[in-house]
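Taking it in order: structure first as structure tokens, then the write-up.
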Amino acid sequence: MKLATKLIHGGPNVDPQTGALGVPIYQISTYQQTSVEHFRKYDYARGDNPTREALEDTIAVLESGTRCLAFASGMAAISTTLMIFSPGDHLVICDDVYGGAYRVLSTIFSRMGIESTFVDATDLSAIEAAVRSSTKGLYLETPSNPLLKVTDLRGAVEIARHHGIITLVDNTFMTPYLQRPLELGCDIVLHSGTKFLNGHSDVICGFAVVKDTELGSRIRYIQNAFGTGLGPQDSFLTLRGVKTLKVRMDRSQQTAMKIVEWMNRHPLVTAVHYPGLGSHPGHLVHHSQSDGPGAVFSFELDCFETARKVLEGTRLSAFAVSLGGVESIISYPARMSHASLPADERLRKGITDTLVRLSVGLEDPDDLIADLEQAIGR
Ligand SMILES: *Cc1c(COP(=O)(O)O)cnc(C)c1O
């Protein structure tokens, strides 16, 4: 089955009891048992809920995994998964990792004796150089946020395997429609399902997906123990949202390319960061490991005043954090996703005061361009 078909038929999408074309919302916390010796499959909903399970099975199929676990947020998925590591373990992390992941690693996991080294993962030799005898995990994001830097996943996996290290990839920006890290040899795929997977800016959720069933059982044990699983209403909404993933990604990506081409010619836009551009330093690597550049890009303007005009003047793109919705979302990394970084560190990473990120939605491309044009020219 191709992915478009898997989106509709990949999971258990018919209720066996009623024939309903969809799994209902099991808004139930506990299940009646009949035998003292053998409990039913479902007993208590912190552990298992049929609506969550239908969503987990669907995402597992999309990512070519054997097991997916759905969580109350992307950060719940990331934090719960990181609990597979133990005090004394060392992790190598890409230096432009999602801010929330940076926060839990540098302020919470560090306190638990799990140390992290942050490296420029676009440079495989920097990954190799950071590995110690205690290194147990390599954590990557490609393309990364907000500069869309690309890491060679096959190359990274080769290093990790050589040292017996688990590779984790946050695949939020790409979704399994455009990139499937498990097929490239990575061990764990993480998601903020809040973004493109659900796609409608109305649910906070996250996923961890694995190929190895033993690894899946370890994460599942912690999910149940901590109670970080996704609730049934949100599971239902995400199941509904994900059905249109292909058509949404196709259209948003096409529109992103159109806007990027227009921006490339605009005199006040000084740089555009998008792996779909031949001039992007990671273009070839990205092309070799994914099926498209996605629908998020960032751009730099001539000065802060122009950046302010764009951010405050767009009428169609919502000035907000987050991405991956049906509506275009424009954001300002220096004051939003990367506000917690000290200014010098932020600038060193290339996140300037003139950098703007755009997540392209499903509006008409000509309307979006006209809107950006009027905002820049205000
Ligand atoms: C939003 C995001 C997260 C965190 O997900 P939440 O659902 O907000 O907890 C993690 N990684 C990436 C790349 C994200 O964009």
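The values are calculated or read from the model by the stated rules, or taken from the named source; none is laboratory data. Owing to the predicted nature of the structure, the values given are computational and were not obtained by experimental measurement. Quick reminder, even Gly has a Cβ in these numbers, built from the backbone with ideal geometry, and neighbours come from all protein chains shown. For the accessible areas, the whole protein counts, side chains as well, though only heavy atoms, and no ligand, DNA or RNA atoms are used. Shrake-Rupley method; radii C 1.70, N 1.55, O 1.52, S 1.80 Å.
One table, with the values for the structure above:
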| item | result |
| --- | --- |
| Protection proxy ranking, peptides 352-364, 287-299, average beta carbon neighbours within 10 Å, highest first | 287-299, 352-364 |
| Summed residue charge, Cβ within 13 Å of TYR42's Cβ, Lys/Arg positive, Asp/Glu negative | +1 |
| Length-normalised contact order of the chain in % [C-alpha pairs under 8 Å, at least 6 apart] | 17 |
| Accessible-area composition of segment 1-150, carbon plus sulfur, in percent [1.4 Å probe] | 55 |
| Reachable lysines, given that their alpha-carbon falls under 25 Å from the alpha-carbon of LYS211 and they are not under 8 places away in the same chain | LYS2, LYS6, LYS41, LYS136, LYS195, LYS243, LYS246 |
| Cα gyration tensor category, rounded, prolate or oblate, for segment 58-160 with a/c compared to 1.5 | rounded |
| At 0.890 mPa s and 25 °C, Stokes diffusion of segment 245-376 via Kirkwood alpha-carbon radius, µm² per second | 163 |
| Selection from ALA60, VAL356, VAL296 lying farthest towards where the dipole of the chain points positive, charges on Cβ | ALA60 |
| Euclidean distance of C-alpha centroids, segment 274-332 and segment 198-260, integer Å | 21 |
| Rg/Rh for segment 115-168, where both radii come from Cα atoms and Rh is the Kirkwood radius | 0.94 |
| 1.4 Å probe accessible area per residue over segment 254-301, in Å² | 43 |
| Dipole magnitude of the chain, debye to nearest 20 (Cβ charges: Lys/Arg +1, Asp/Glu -1, about Cα centre) | 440 |
| Accessible area expressed per residue, segment 3-242, with surrounding protein chains retained (probe 1.4 Å, Å²) | 41 |
| Under 12 Å, Cβ to Cβ, from ALA101 - net charge with Lys/Arg +1 and Asp/Glu -1 | -3 |
| Cα-based radius of gyration of segment 288-338 once divided by 2.2 N^0.38 Å, which approximates compact folds | 1.29 |
| Heavy-atom accessible surface of segment 168-212: percent carbon and sulfur, 1.4 Å | 49 |
| Whole-Å semi-axes of the ellipsoid equivalent to segment 3-242 (Cα gyration tensor, √5λ, descending) | 32, 20, 15 |
